Each structure stands twice: as structure tokens, then as C-alpha cells.
């Protein structure tokens, strides 16, 4: 690279990733093949529209490429249709809202402080200014059980057009069957939507339940995180696939076409074909038998790490984890906020993120909790026998957060440990 300034920053980031351990549950390491596709000549190509229906010429390779990504995604998730064009998870959610809702319509979604995502009703978002988001919560924070009785009461009272199952900081499984039962009571125009960005790879591998098996109509997801692809979004759906150039009747069965029209031209122009190429590669990797072994190892590592953290005195929200994600209350555990814990762990090369806990009394930039997970460390090759020492290192970093010399020693240990695990 001729640009020395950018080259230096890339080299620095590569070193940071190599010599540190990514514990952020929404991050992962992609394969060399995914990186190659991202840097391919598809970067140069404009391809507004969909395969067979483009607004530019020269599509003899983009059309089969996008169709390949679509076909692989449908196979992975047992979907009737896949739109692989969304640039990330947030616009994927926005597109579904736009496809199905009118301004003022109601959406029942998980409360943000109990694990929901920014796009599930945060008042700062565009969608929250257009639609009426009604939050549901956990009934018991010690176990993580959702209050399905209250969820049902809310649904029957407000008659939402969408019931949304999904999360960003929830360490347990959702009961999709109960969501489906409640949606049936609301009526046949209630769209069942699952935001599976965090656990898409676990669903694709078959180690976690697929919402489509319970009658869900739409799944939105990112293509990174546990799916281990490029940073991007995707919308999967059940129903009849029609011509996106023709406006269909607004029915549940037509949701694939309604979504296609909401993505383009509704929200986006030209798709990022180099990212779609990388998505196709990642989907192909996820179809291989070894990906199931990888996904199962993510769950095993998370379960063991949660147990080891409890031994170190970490107070875990819901008492542990059933997926790849762990949420710890460091305020009650050690008398510090999540920002202080994040900064201490950064100093020894363990990267995670500060995070609110349910009904957190602290502000978002100084929350009571931290959020961590096991997708990236599992990609790197670490297994359950390493989880105990990671938990110990986390506790030591917090204990010695004001002792720079001790933190340097811990940093050296992390670097030495990770030499045994390729990146």
C-alpha cells in the first residue's frame, strides 16, 4: 500500500487483534477467503436492482453472484426468500418496519434495558419517531425468563402489527412457540419477526432453534457475529416471492416482495457487491459440517466461562448463559462501573464492552455492567480448558486496575498465551 498513514493504522489494528483477545459478543474474525472477496473487483460495480432486474448494464457476473448468496442463505435458514442487500442489521430492521407498518402502528419488542436492541424502540432512533414501540421485559432477572403472561396482555391490549423476538444483550433462549401462540391471538395480520443478529450462526448450524420452525414470518440478521461473515445485514422471509417492480397487496404472504421493495428503492440504492461476494463465501463456509462443531464449541466455551466467572465473584445477569453471550453486573460485584471495567481489561488486551443491566440505575456511558461472549475466541481455537484462566485474568485486571506495573505483567501473559492460537 502506498498510503503509509493508512498502512500503519491497518498494521496496528492487525497487531492489536493478534496480541489481544476479542470478547465482544458481536465481533468475530473472518476467513482469508472472506477478506479476499471484500477486496475484490466487485467493489467497482454498481448493481441497482435485483438479479435479472438491474438498472445498469454489465451484470453477467453480479447477478449469479447475488443469486448464489441468496440460495445459500435460504438453504442455511430454511427460508423461502433472502434479501442479502441490507448494509447492516439496523437498516434490515428498518426495512421490515417500512414494508409492513404505517406511521403510528404498534410494535411489541424487548425492553432495551432488558436486552433489546437500539432499533427495537430507542426513542433516539428514526423508527421510534414513526412507530409505537411497546416494551416487554423479563419476569425474573435471576433466571432470565421473559414475562410471557404480561407480553400476552400487552399484545391483546395494543394489537401490534409486529411482535418482535430478538435481542442485543440477553443471555438466554427465547420461547418462539409462546410468541407464535400470542401472535395468533392478536390476529392474522400480526407479523412475527425475529431479530437473530447475535445467534444467526448458531441457528444456521442447527445448535439453536430456528424461528421459522415455529411459524415466524421474518428473520433479520447481521452477517458477522456468530455467522462469521463480513459486516452486513440480511432479511429472510417466508411467503410468495414476486416481482419487486410491482407493488403487491399488503398481506403476510407477500412479505418477501414487500421487503424487497422496502430495501430497494425504499431505503438503499446500489448494493455493495463486494460485501455480497463475501457474504456468499461466509454462507458457503457455514454450510460445511465443521461449522456445526464450531457453533457447538461457542456454546460450550460460553457455559464454562460463565461458571468460571462466577467462581471469581462476578454477578451474572440471569445467573449464566444459554447462548454465546454473558452479561455481568460489576457494580454489585466489585463496586465499579462498566466503563472502568472495560478500560482495565483493555489494558491487558481483553476487549469487551460496557453494557447496561436490566433497569440499570446508571447512565449508558457509565453503566453497571459489562457484556462479553465467545464467538471470536472460539474462532481463534480456544476451548473450554482456557476459560478458567481468562476469568482469572479478568478478575486480576479489575483488582489491579490502578497498578500499571502489574497490568503490564498481565498484558505480557495474554500476548504469550495467544501465540499458541492463530488469527
Exercise for the section: Would you please give the FRET efficiency between residue 268 and residue 405, computed as 1/(1 + (r/R0)^6) with r the Cβ-Cβ distance and R0 = 56 Å, to the nearest 0.05? Expected result: 0.65
Handout entry: Distance-filtered residues of region 74-104 - backbone nitrogen under 18 Å, label point 7 angstrom along residue 31 Cα→Cβ
Key = 74-77
Fill in the blank from the handout: Of the convex hull drawn through the C-alpha atoms of the chain, the volume per residue in Å³ is 140
Practice task
Report P(r) for region 83-239: all Cα-Cα distances, bin width 10 Å, range 0 to the bin holding the largest distance, values in whole percent.
Solution key: 11, 44, 38, 7, 0
Practice task
Note down the relative contact order for region 1-127 as a percent, whole number, built from C-alpha pairs under 8 angstrom at least six residues apart.
Solution key: 9
Problem - Cβ-derived FRET efficiency at R0 60 Å, residue 55 paired with residue 307, nearest 0.05 - result: 0.65
Exercise for the section: For region 209-336, just run the numbers: alpha carbon Rg, then divide by 2.2 N^0.38 Å, N being how many residues it has. Expected result: 1.43
Problem - Percent of beta bridges antiparallel (DSSP, the chain, rounded to nearest 5) - result: 55
Handout entry: Exposure proxy order (Cβ contacts within 10 Å, fewest to most) of 68, 305, 9, 21
Key = 9, 68, 21, 305
Fill in the blank from the handout: Note: residue 417 to residue 365 extended length (0.36 nm per residue) minus current alpha-carbon separation gives 15.6 nm
Fill in the blank from the handout: Listing 56, 214 by rising number of other beta-carbon atoms within 10 angstrom, fewest first, gives 56, 214
Fill in the blank from the handout: Mean separation of Cα contacts under 8 Å (at least 6 apart) over the residue count of region 278-392, i.e. the relative contact order in percent, is 28
Practice task
State, as an integer percentage, the relative contact order of the chain based on alpha-carbon contacts under 8 Å between residues 6 or more apart.
Solution key: 22
Exercise for the section: Just report the Cα centroid separation between region 117-135 and region 260-325, whole Å. Expected result: 24
Practice task
First measure r as the distance between the Cβ atoms of residue 18 and residue 157, then evaluate 1/(1 + (r/R0)^6) with R0 = 35 Å and state the FRET efficiency to the nearest 0.05.
Solution key: 0.10
Exercise for the section: Mind sorting 258, 382 by how few other Cβ atoms lie within 10 Å of their own Cβ, fewest first? Expected result: 382, 258
Exercise for the section: For a label point 7 Å from the Cα of residue 10 along Cα→C-beta, name the residues of region 28-56 whose backbone N is under 20 Å from it. Expected result: 28-45
Problem - Chain lengthening between residue 3 and residue 240 when straightened (0.36 nm per residue, less Cα-Cα) - result: 80.4 nm
Exercise for the section: With label points built 7 Å along Cα→Cβ from the Cα atoms of residue 122 and residue 87, find their separation and express it in nm. Expected result: 1.7
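All of the numbers you see were taken from the coordinates with simple rules; none came from a lab. This one's a predicted model, so the numbers in the text were calculated from it and none came from an experiment. When we count neighbours, we look across all protein chains shown, and the Cβ atoms used for this are built from the backbone with ideal geometry, even at glycine.
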